[in-house]
1. Can you tell me which of (1) open to solvent by 10 Å² or more (accessible area, probe 1.4 Å); (2) at pLDDT below 90 is the one PHE257 doesn't meet?
2. Identify the single condition in (1) closer than 30 Å to ILE414 by Cβ; (2) in contact (Cβ under 8 Å) with a residue 12 or more places away in the chain; (3) not aromatic (Phe, Trp, Tyr) that ILE125 does not satisfy, given that it satisfies every other one.
3. Any idea which residue in the range 334-381 is least open to solvent (accessible area, probe 1.4 Å), counting only those that are at pLDDT 80 or above and of a type in the set (D, E, K, R)?
4. Going by the conditions given, is GLY267 of a type in the set (Gly, Ala, Ser), touching a Ser or Thr at 6+ places or on another chain (Cβ under 8 Å), assigned to a helix (DSSP H, G or I) and open to solvent by 10 Å² or more (accessible area, probe 1.4 Å)?
5. Do you know which residues across the range 227-262 are closer than 15 Å to ASN444 by Cβ and without any contact (Cβ under 8 Å) to a residue 60 or more places away in the chain?
6. In the range 396-414, how many are small (Gly, Ala, Ser) and over 16 Å from ASN114 (Cβ atoms)?
7. Being surrounded by 15 or more Cβ atoms within 10 Å (Cβ to Cβ) and of a type outside the set (A, V, I, L, M, F, W, C) is the filter here; which residues of the range 104-113 pass it?
8. Can PHE194 be described as open to solvent by 30 Å² or more (accessible area, probe 1.4 Å), over 30 Å from GLY359 (Cβ atoms) and more than 21 Å from the chain's Cα centre (by Cα)?
Amino acid sequence: MIWSRYTSAEIKRKLIVFAIALTFSILTALLTVELKFIALFIPFLVTGAIVFAYSLFANPRVGFIAYFIYCFIIAGLLRNTGLPFGPLMEILLGFTWLSILFHRFDYNWSNLRNDHCIIALVWFIINILEVLNPAGASVMGWLMEIRFTTLNWLLIAPVAFLLFNSKKDLDLFITFTIGLSVLAALYGIKQLAFGVSAAEQQWLADGADFTHIVDGRLRIFSLYTDAGQFGASQAAMSVVAFALALGPFKIWKRIFFAISGALLFYGMLISGTRGALFALLVAGVCAVFLTKNFKIVIIGSIFGLLFLGMLKFTSIGSGVYQIVRLRTALDPTDPSLNARLINQAKLKKLMDDLPFGGGVGIIGMNGAKYNTGKVLAKIPPDSYWVKIWAMYGVVGLVVWFSFYMYLIGKCCGISMRLNDPGLRIKCIAMTSGVAGVFMCSYGNEVMNGFPSSVIMFMSISFVFLSPKLDTINSTKTIIK
């Protein structure tokens, strides 16, 4: 018989495949009666999901790469399709960690004994304890908020130390980050030149036009959650790209980084995000000084001061809306700035009696949804720093601020001490991007959104990992 050529295990495997194929065929036939043409796509989607799940559990890197890409496009998918794509982000990250645990014996978990992972864990513990905050914020609001304030940090920080720990992995991270940011810039240029999609127009009509159409001009938001996130991310990534363009790389790579930097800078301008100027300046200053090159420090300082002087003391570019919009960031009489200061003054009176804050989720989107009866929930935070202050109080703000100052400071120290010139400029670029996004978050809730948060956490981990990459000049994985 034909079956005699196969072992019992092979026969069993073939029968399982046949049963699955037969089930799909019957299911497709039945669904076609109900859903007609749409049903034809279901088997392809299910098959694709099975193949992806198999790949993910065979190699957890697949899951995280998918998650990383998804962080750049999730807002665009939600806005343009209306489908509930939000939970898929947590599903991808969760299944990536299930796969890591499935392959747990392949990793040396002692590699997670580093300052970045420890700080992420401590901040997570603080957030868990915040559920006991006597101010009485909603538990559901707390649960929804910690997804962004701490859980993502805790789950992303260790990934580089476990899964992506070679020079090739670092190059892959930089390529994906800049490449996806450039694609977002190109999509933003499409919105500016040809207009938004019908779904995006409906999103604006549903209330987003209040902040995204100023003086009759559209603030470009691309695939991101809003123009603030888009502009700040583009500003920080433009500095990263320009810094890499000055690195000791092949000429075609430097040209690629320079062109990318120019596109990202333009993406920042068309976003109409004034706070992005501070991400650009802080990241630029950080990159210039970390190079320890006296000529670059002098030239960079001159260009930076000339740029600020042009915005502050001249009318150059007054015919260009994007430059006019950017110039208002330096105007102390700007109504938007004064509104923020008024809100902060209101918060200060309320926070005098709340040294540990009003509780996680008390303010912002989750505050308005789950804490409707609380006074803090009625005041817009207008800033991630202010949001941290309102949720954790002055004590929590000092702890949080100290954590990030320590991480950024250590990244600066590590970057300057590296011996490999190429590795050093990559770490300088990543550190500068982190510093820019962190400082820009004083004006907007940037570092708590996507893709900025995942870029920050991965960048810090790669910089902390870089001394081990510096000791062995190899593209092979050095941590097992």
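The values are calculated or read from the model by the stated rules, or taken from the named source; none is laboratory data. The structure presented is a predicted model; accordingly, all values stated were derived computationally and were not measured. Because the Cβ atoms are built from the backbone with ideal geometry, glycine has one as well, and the counts that use them run over all protein chains shown. Keep in mind that these areas ignore ligands, DNA and RNA; they rest on the heavy atoms of the full protein, side chains included. Shrake-Rupley method; radii C 1.70, N 1.55, O 1.52, S 1.80 Å.
1. Going through (1) open to solvent by 10 Å² or more (accessible area, probe 1.4 Å); (2) at pLDDT below 90 one by one, PHE257 breaks only (2).
2. Of everything listed in (1) closer than 30 Å to ILE414 by Cβ; (2) in contact (Cβ under 8 Å) with a residue 12 or more places away in the chain; (3) not aromatic (Phe, Trp, Tyr), ILE125 misses just condition (2).
3. LYS374
4. Values: of a type in the set (Gly, Ala, Ser): yes; touching a Ser or Thr at 6+ places or on another chain (Cβ under 8 Å): yes; assigned to a helix (DSSP H, G or I): yes; open to solvent by 10 Å² or more (accessible area, probe 1.4 Å): no.
Spelling it out, it is not the case that GLY267 is of a type in the set (Gly, Ala, Ser), touching a Ser or Thr at 6+ places or on another chain (Cβ under 8 Å), assigned to a helix (DSSP H, G or I) and open to solvent by 10 Å² or more (accessible area, probe 1.4 Å).
5. At the first step, the residues of the range 227-262 found to be closer than 15 Å to ASN444 by Cβ are 227-236.
ALA227, PHE230, GLY231, GLN234, listed by residue number.
6. Narrowing the range 396-414 to residues small (Gly, Ala, Ser): 396, 402, 409, 413.
Checking the rest, the ones that are also over 16 Å from ASN114 (Cβ atoms) come to 396, 402.
Residues in the range 396-414 being small (Gly, Ala, Ser) and over 16 Å from ASN114 (Cβ atoms): 2 in total.
7. Of the residues in the range 104-113, the ones surrounded by 15 or more Cβ atoms within 10 Å (Cβ to Cβ) are 107, 111-112.
Those that are surrounded by 15 or more Cβ atoms within 10 Å (Cβ to Cβ) and of a type outside the set (A, V, I, L, M, F, W, C): TYR107, ASN111.
8. Yes; evaluated as a whole, the condition is true for this residue.
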